[in-house]
Each structure stands twice: as C-alpha cells, then as structure tokens.
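Before any comments, here is the structure.
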Amino acid sequence: MRKALALGAAAVVLIAAALISAFVGAADLNPVNVAAALAGEIPFVHLSSGLSPIDHAVLFQIRLPRIVAGALVGGLLAITGAGYQGVFRNPLVDSGTLGASAGAGLGATIAIVYLGGLGPDVVPVAAFVGSLAGVGIAALAGVIGSTRGISNGTATLLLAGIAVGLFLTAAQTLVLQQSTQVIQQVYEWLLGSLAGASWAQVTEILPYSAVSVTVIMLHARYLDVLSVGDEEARALGIRPAVVRATVIAACALAAASAVAISGLIGFVGIIVPHVARRVAGPSYRVVLPLSMLGGAGFLVLADTLARTVVAPSELPIGVVTALIGAPAFIWVLRGTRAVAS
Amino acid sequence: MNPLKHSAPVAVLAVSIALAALTALTACGSSAGSSASPASSARSSVVVSASASTRAPSPGAFPITVKTTTGLVTISAAPKRIVSLSPTATEDLYADGAGPQVVAVDETSDYPPGVPKTTLNGTSPNIEAIAGYDPSLVIAAEDTGGLVAGLKKLGVPVLIEPAAATLAAAYAEIEQIGQATGHAAQADTVITGMEAQIAADLKKAGTTHSDLSYFWEVSASPYYSATSQTIFGEIAGMFGLKNIADKVATAASGGYPELTEEYIVASKPQIIFLTDNDPGDGGQTPAIVAARPGWAGLPAVKNHEIIALNDDVAARWGPRLPQLVAAIAAAVESASAASAAS
C-alpha cells in the first residue's frame, strides 16, 4: 500500500513539475495561451492558442523538448544509480564510480578538441561511445583483477572502476591540455546542461533508453535476491555473475544515453535511489521504478530553476542539482532516521 | 656477508654521482647564460646590416618605459629578438613593421602567413622554452604561470597586452607595441588607416539602426553571447544596433553571458552574428543555425541575415578589426533593406 502510494506520489510530482516547467521561462509566454496551446495538442480538442508563430516555436520546439529530455535524463540517471547500487550492494555507487562518466568526459573532450569539424552531433556520439568504453574497460579490469586475486569479485570491480575512472580523467585532462582554447566548451559539457535539448535528441536515445530500462526492471527481482547474498541466490537457481553482467551492461547503456543529451549531471544517481529506499523500503521492485519517476521529476524541477532563476541567462544544471539536492538529501536522511528509530 | 657493509660504499657512490650530476648541470646552466651574449651580439650584427631597410626600428626612442597592466616596463634598446605569445600581438607586431625582429610566435599565431610559428603556448607558458629563443622582448596576452616574474629573473622585459575591451584599447595596444619595438611612427599610420576604414564603413551603412536587433553568438550549446560592454557590442553599437544580450549585462559575466535558448528566439533578432563557425571552433554554419528547432521563424533566419564572421578576425582585436567592422556594416546594410521591404 505504502509502495503504491509512493509510486503514485512520484508520478504526481513528475506531472506537476512538467506542467509548472511548461508555463515558466525567459520568453514570458502568456499562461492562458500556453494552456490553450497544450490543450490543443490533446486529440480531438481544437483550440486556437493565440500564440504567435515564434512563441509557438518557443513552446513546442524549445521548452517542451527540454522538459521531456530532462525527465528522460533524470529518470535514466536515477534508475542507473539504483541498478548499480543493487549490483554492487553498495549505496554509494553510481555511473561516476564505474568509469562511465570519466569515459564520457574523455570521449566528449576528444570530440571537441580533435573532431570539432565533423559537425555538432559528434560530441554526443563520442560521449556515448566513451561512456560504454569506460564501463567496458572497468569491467574487464575488474574481471582480470578478481580471477587473479583473492578478493571478492564485486569489490574488485568497484576498485577497478575507480582506478579506470581516475585514469580516464587524467587522459581527458591531457587531451584538453592540447587545446586550451576549448576549455570553456569542455567545462560546460562536464558541468552538464539541457540547453539545446531537442525532439531529435530525445528520439535518438529513446530506443536505447527503452531497451536498457526494460532490462533493468526485469532484473529487479534478481537484485532483491542478490541483496541477501550470492550463496542464497545460487541456491535459488540464480547465477549472480550473469545477473550482474546483464544489469551493468543495461545501466551502462542507460547512462550513456543520458550523458549524450545532457553532459555530466552528478548527484541524481546517488540521492534519488536513496530517497526512494527511505520512502518505500529496500525492494528493487519498487526502488527501480520509484527512482526513475523521482529522478525524472527532480531533474525537471532542477532544470526549470536552472533556466529561470537568472533568466534570460542560465545556471549549470549540475550546480542546481547539488545546491538543492544536497541539503534536501540531508533533510531526508535526518527525517527518516528519526522515524525509523 | 653483512649487507650494511656493502650498502655504505653504494650510498657514497650514489651521493657522489648525484653531486657530480648537479655540478655538471650548474656548469651547463652558467655556460648557457654566458654564451647567450655572444650569440645575441652575433645576431645583432645581422640586424645592423639590415638597417638600410625601411623597417629598421628607430634607435633614438630607447630606452623607453611603457605602462602596462602589470606595471611599468623599461626596454633599454630596440628589441632585436621578440617572442609573441598572443595571436593579436603577433598581428600588431607585423602591422607595425616589427616583423623582422620577431623570432618566435606561439602555436595559435597564424597571421600574417609565414610567421615563425612554434609550439610555445601563451595560456600555459613554459619559461624555459621561451628563454630558449633568447628573447629581448616577450609580448603576451596574460601574465599566467609566473610569466612576468620568471622572465624578469632572466632580465627579459614582458609586455602584457590583454584582450582589448574597446576599440580605443585595441588602438592603444597597437601604439604601445609600436613604441616598445621602435616603430611608433608606423603604428600611428596603422591606427590612422584603421580609423579611416571604420569611419568609411560607418558612413556607408549608417549609424541610426536602432530598429535592428542582433544576437552575437560566441558559442552554441550552451549559448554564450557578447553584450554591448564588449568590443563587439561597441562596434555593433556604432551602427545603432540593439543587442538582445544587454538584459543580462551583469558584471559577473564579464560581458559574455550565457543566454537561454527560448529568450534568444523570443527576442526575434534581425541579425545573427556567428563567431563559432570555424570547423575547429563549434562549426555552426548559417545552415545549421537556420535548421535549429524553433529558429525558422526568426527574422534573421527568414531574411538570411545569419553572418558567419571570420572567427580569427572576430577574436583578435588587432589591425584586422576594420575587416570585422566591414562585415558588420555589410550585414547592417542588407538587414536594413530587408526590414524596410517587409
């Protein structure tokens, strides 16, 4: 009951966030006209919005795709974080710990420094490839480490991920050093932004998102079993290594899709799953979908602030997620601990 | 066998090797320092023999003391070996006629063609590498990485000529570089010529276009612009153009604020200037701008007033500034005609 309530509440928050976001922005569109224009999009409803062609373009080509992209990216980052945390049975893991962010950063930097001439789509593609490569190298390093070593595989994989992440970050700095003129461009990308999000970007990553989210969701029950221990999981007929490999691959794909649109946005993958667990308990069957809904709502709200607080200028979204997310997170930790004890 | 007995001589050996190496290094260092003077005197004779050329610096003006952002800099004699770490300073030097004195320029300096390009870097300068060119004057855009202090120890004067924020500042830098290199007269000629070209463009295109608004695109995704507080804004303002970025002219953004996309579109600029169209610098062509979702209805897109400026001319505020002004003037003329027609 509480779980259903939590999911429902998260869905309501997401819808409310999206609606609020649709009505505010630097362009100062008339709210009545916006409402009419949105209602006009509902099938069989015919309303003339009174928006000028430019205002109509602002709403439907700039503001709405940005909201949808924000929801998608936020949902992917949060479910990825939750998935990794399940795989590693460690609440502090997310894409950042496994070489995915560092790999994406290296890919994007290489694209900006060396491949700028190949067109504007190069950076997201390079970030996507880099993110997958980062996790791939980390996984490979982890496997090599755990077959030769004596420690348990999960911890080794995590340590390998951190080492690979540091290595890739150093490589990224080295590449950046070759062309200091693009420092600002690279820096902006590393901070993350949903500026320039378009329907085309959303449709480009939608297939990868759908596949990866489906795979992660289907493994929710296995992640619950893994949480009691590998021995128990084996006794129940589950092969932990296979589950881990599958979920890691799906999470890598989901994170790479998100990163391709937004650049690096920290914090969402750690705090949202935490809040989800605090609210609805540890079962991944709830934590995964709740994280996805919560992450989507959280990032839509954060991006709304990013593009309105200093309008017509913008704040980097990573700044907003951390500035609001960190205190909110501490507040949630405090509040729930008091209830639990 | 006692390992301690064994290790003592090894340690002594190691220490003596290290000491010997240090001594050798010190000797190298001092010999490099002393050999510098014969080398430079040899080179000075080369310059003296070329003094018949009209480009020879006028020796009478030295020693000269000029005032820069990092304090007073005294140059004792006409500099014979100049190192430029700034592409703008390089263009200034050659325009002023100091080209023959330039021995090395940084990796981003590429104009005029044939400059002695090296791997020197102006944003993270390597003092030793610069000193390797035995410079008698170094010009850079910023004092970073201990550049001024480091070269001061070697007795090399450094002129810091930062990115100009106004046309007047750009002229002043051309003039100062002229004075510091012994070409003050030619610098004045360069500046007079620039002023005349700019005045002609202003006269031709007109200075009362307050009905035209423009968006100056420094970079896309995210969109960075330039306000009227920048040299770009100053030039566009001379034609009377209205800058859509001026609403965010906060001190913190230094004249280059980030704009949210929907604000740019809702502002309906009549002209869009691109300084991010070089392949290595964003690659935003007019076609790409026109195809951005939601931009199709903008007056600038409809009237084809998306102007791809030469990124280098737009980012170096030196002797080629009149080219930038001319490009803006041409855009103003055609946008004015388009808005009159519609």
So, of the residues in the stretch A:290-341 that are within 14 Å of chain B (Cβ to nearest Cβ) and not in a helix (DSSP H, G or I), which turns out to be modelled with the highest pLDDT?
A:Val309
Pairs returned, first residue in the stretch A:181-192 that is farther than 20 Å from A:Thr321 by Cα, second residue that is among the β-branched types (Val, Ile, Thr), beta-carbon separation under 6 angstrom, 6 or more apart or interchain, are A:Val182/A:Ile112; A:Val182/A:Val113; A:Gln185/A:Ile112
Here's a check for you: in the stretch B:200-235, which residue that is of a type in the set (Gly, Ala, Ser) and part of a loop (DSSP other than H, G, I, E, B) is farthest from B:Gly254 (Cα to Cα)?
B:Gly206
Among the residues in the stretch B:310-323, are any within 14 Å of chain A (Cβ to nearest Cβ), among the aromatic types (Phe, Trp, Tyr) and in a loop (DSSP other than H, G, I, E, B)?
no
Looking only at the stretch B:315-338, which residues are more than 20 Å from B:Glu217 (Cβ to Cβ) and small (Gly, Ala, Ser)?
B:Gly318, B:Ser336, B:Ala337
The stretch A:183-202, subset part of a helix (DSSP H, G or I) and under 16 Å from the mean Cα position of the chain (by Cα), residue farthest from the other protein chains (Cβ to nearest Cβ):
A:Leu190
Identity of the residue in the stretch A:238-282, free of Cβ contacts under 8 Å to residues at least 60 places away in the same chain and in a loop (DSSP other than H, G, I, E, B), that ends up nearest to the chain's Cα centre (by Cα):
A:Phe267
Filter the stretch B:261-287 down to the residues that are facing chain A (nearest Cβ under 7 Å) and either modelled with pLDDT of 90 or more or in contact with a Cys (Cβ under 7 Å, 6 or more places away or on another chain) (or both) and list them by number.
B:Glu261, B:Glu262, B:Tyr263, B:Val265, B:Ala266, B:Lys268
Quick check on the stretch B:288-303: of everything there that is more than 18 Å from A:Phe60 (Cβ to Cβ) and in contact with a Ser or Thr (Cβ under 8 Å, 6 or more places away or on another chain), which residue is farthest from the other protein chains (Cβ to nearest Cβ)?
B:Asn303
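Matching residues to (1) more than 9 Å from chain B (Cβ to nearest Cβ); (2) modelled with pLDDT under 90; (3) buried (at least 19 other Cβ atoms within 10 Å of the Cβ):
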| residue | (1), (2), (3) |
| --- | --- |
| A:Ala27 | no, yes, yes |
| A:Asn30 | yes, yes, no |
| A:Ser48 | yes, yes, no |
| A:Thr80 | yes, no, yes |
| A:Gln85 | yes, no, yes |
| A:Gly99 | yes, yes, yes |
| A:Gly117 | no, yes, no |
| A:Asp121 | yes, yes, no |
| A:Pro124 | yes, yes, yes |
For A:Ser52, the lone unmet condition from (1) modelled with pLDDT of 85 or more; (2) within 14 Å of chain B (Cβ to nearest Cβ); (3) touching a helix residue (DSSP H, G or I) at 6+ places or on another chain (Cβ under 8 Å) is (3)
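The values are calculated or read from the model by the stated rules, or taken from the named source; none is laboratory data. Here the structure is a predicted model, which means the values were calculated and not measured. Virtual Cβ from ideal backbone geometry, glycine too; neighbours counted across all protein chains shown.
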